[in-house]
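Read the figures in this text as sums done on the coordinates, not as results from a lab. Quick caveat, the model's predicted, so the values are computed rather than measured. Cβ sites come from the backbone with ideal geometry, for glycine too, and all protein chains shown count toward neighbours.
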Amino acid sequence: MGCGTPIAIKTAAAFGQGSGPVWLDEVNCSGNESTVDNCPSKALGTSTCTHGQDAGVICQIVKLVNGTSPCDGRLQIFYNNHWGGVCHTGWGLQDATVACRTLGCVGVVEPVSYVGPFVGPKWMDNVRCTGTEMFMQNCPFTGYGVSSCADGLYAGVLCNNIRLVDGANVCSGRVEVLYNNQWGTVCDAGWDITDAAVVCSSIGCGTPISATTGASFGQGSGPVWLDEVSCSGNEPTVKNCSSNALGASSCTHGQDAGVICRDVKLVNGSSQCDGRLQVLYNNSWGAVCYAGWGPEEAAVICKELGCGEVIQTKSYLAPSNEPVWMNNVTCIGNESTVRDCLFGGWGAGNSCKNGLYAGVVCSSKITFKLPLYVTAIAY
């Protein structure tokens with residue numbers, strides 16, 4: 001529908017009961033379909049559901065267009081039932097930081113520009129974010145529609161210039177970096193787990209499981225941008241690590257480097273070993289309900305992340321912009337991953353009854369950081 005990324009999924013007729021047939025049931029999308037009726041489901045019209053089970057969705061009111069992914073392009077805001085632009089006047093690093101955060105995009109930007117006039121309303125001008133706001137709409141600006149974009153420039157961002165390709169999910173695959181408006185690969189000469197950690201952190205994935213070599217995720221195309229990469233582990237992106245000059249590699253694509261990152265992580269804490277639990281499912285990070293959460297469940301997380309023993313379990317208030325993937329998790333304590341524990345089914349607990357979400361504090365700390373770096377781009 002052109003409505004940006006999803007904020008929440010709704011069940012049990014949250015927006016009221018519809019009428020007529022229930023056409024779709026047991027819908028199971030991969031995320032790449034053009035419309036929901038292209039997703040696997042029961043045959044059209046064969047559902048036994050009532051309208052008390054009508055599904056709904058809340059979409060983001062901020063999006064990026066004219067880019068190569070949902071995390072780069074020209075910024076648009078939805079207001080008064082119309083999408084409109086954001087003027088470049090006053091647009092800076094803090095504003096772009098909030099825009100990427102609103103979109104759920106993490107990473108390091110690559111400056112790009114678009115040329116051409118913008119048709120449509122100009123909703124925001126002279127945006128003045130502090131950088132701490134959760135949503136673009138919370139930033140000071142001149143007022144909806146109070147704008148002329150006198151310089152003819154419109155605000156946009158590129159929230160990520162690192163990606164993983166041809167893996168099982170967004171947190172595994174061949175490492176590719178964007179440089180000079182072209183995606184290229186990384187040579188595996190000297191490639192190790194510390195380099196992989198920088199990649200995992202820069203794209204918002206969990207800690208690294210392995211650094212792969214020899215084009216284990218298939219050979220890429222285009223330039224081999226990076227060679228002899230040597231990261232300390234604290235760099236914001238692999239492009240900031242020590243390496244040969246960009247594009248100076250003599251490697252072939254048979255030496256393309258890859259990464260497998262964990263699909264479980266802790267956020268909103270002081271390190272990667274404490275915070276609120278997130279799990280990756282269907283290429284989206286989601287929360288875990290606190291109901292039933294105890295020492296055994298927390299122990300599995302600490303072990304899975306390589307973070308030592310449990311110090312304490314924690315609860316967090318509801319996240320505002322992510323799905324809830326797991327509820328009523330029950331672990332024995334010896335499982336290798338929380339996914340092996342019993343739970344109510346993926347997405348079955350999308351509204352935690354007590355409004356609390358699971359977290360943990362583990363005994364160890366991992367030194368790799370999870371920064372968010374963004375900057376401003378004019379369109």
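If we sort 121-132, 46-57, 197-208 on the protection proxy, mean other Cβ atoms within 10 Å, highest first, what's the order?
197-208, 121-132, 46-57
What is the Cα centroid distance between region 324-362 and region 71-99, reported in whole angstrom?
Here the answer is 36 Å between Cα centres.
Rank Ser232, Asn161, Val288 by how far each Cα sits towards the positive end of the charge dipole of the chain (+1 on Lys, Arg Cβ; -1 on Asp, Glu Cβ) and give me just the farthest.
Val288
Report D for region 3-84 in µm² per second (integer): Stokes-Einstein, Kirkwood Rh on Cα pairs, 25 °C, 0.890 mPa s.
165 µm²/s
Can you tell me the order of 140-148, 229-237, 152-160 when each peptide is scored by its average per-residue count of other Cβ atoms within 10 angstrom, highest first?
Taking the mean over residues of other Cβ atoms within 10 Å, the ranking is 152-160, 229-237, 140-148.
If you average 1/r across every pair of different Cα atoms in the chain and take the reciprocal, what Kirkwood value do you get, in Å?
On the way: mean 1/r = 0.0447 Å⁻¹.
Computed over the chain, the radius equals 22.4 Å.
Quick one: which of 242-250, 278-286 comes out on top by average Cβ neighbours within 10 Å, and what's the full order, highest first?
Put in order of decreasing packing, that is 278-286, 242-250.
Using +1 on the beta carbon of Lys and Arg, -1 on that of Asp and Glu, and nothing else charged, what's the dipole of the chain about the Cα centre, debye to 20?
That gives the chain a dipole magnitude of about 760 debye.
At what distance in nm do the modelled label points of Thr48 and Asn234 sit from each other, each positioned 7 Å from its Cα along Cα→Cβ?
6.1 nm
Note down the net charge around Ser216, summing +1 for each Lys or Arg and -1 for each Asp or Glu among other residues with Cβ under 10 Å from its Cβ.
-2
Where the centre of each part is set by its Cα atoms, how far does region 157-198 sit from region 199-237, in angstrom?
Using only Cα atoms, the two centres lie 5 Å from each other.
Please give the contour-minus-distance gain from Ser250 to Ile311: 0.36 nm per residue of separation, less the Cα-Cα distance, rounded to one decimal in nm.
Separation in residues times 0.36 nm, less the Cα-Cα distance, equals 17.1 nm.
Lysine pairs in the chain 8 or more apart or on different chains: how many have alpha carbons under 22 angstrom apart?
Value for the chain: 15.
At Asp37 and Gln137, where each label point lies 7 Å from the Cα along Cα→Cβ, what is the point-to-point distance in nanometres?
3.0 nm
Round to the nearest 0.05 the FRET efficiency obtained for Ile193 and Tyr144 when R0 = 51 Å and r is the Cβ-Cβ distance.
After rounding, the FRET efficiency stands at 0.60.
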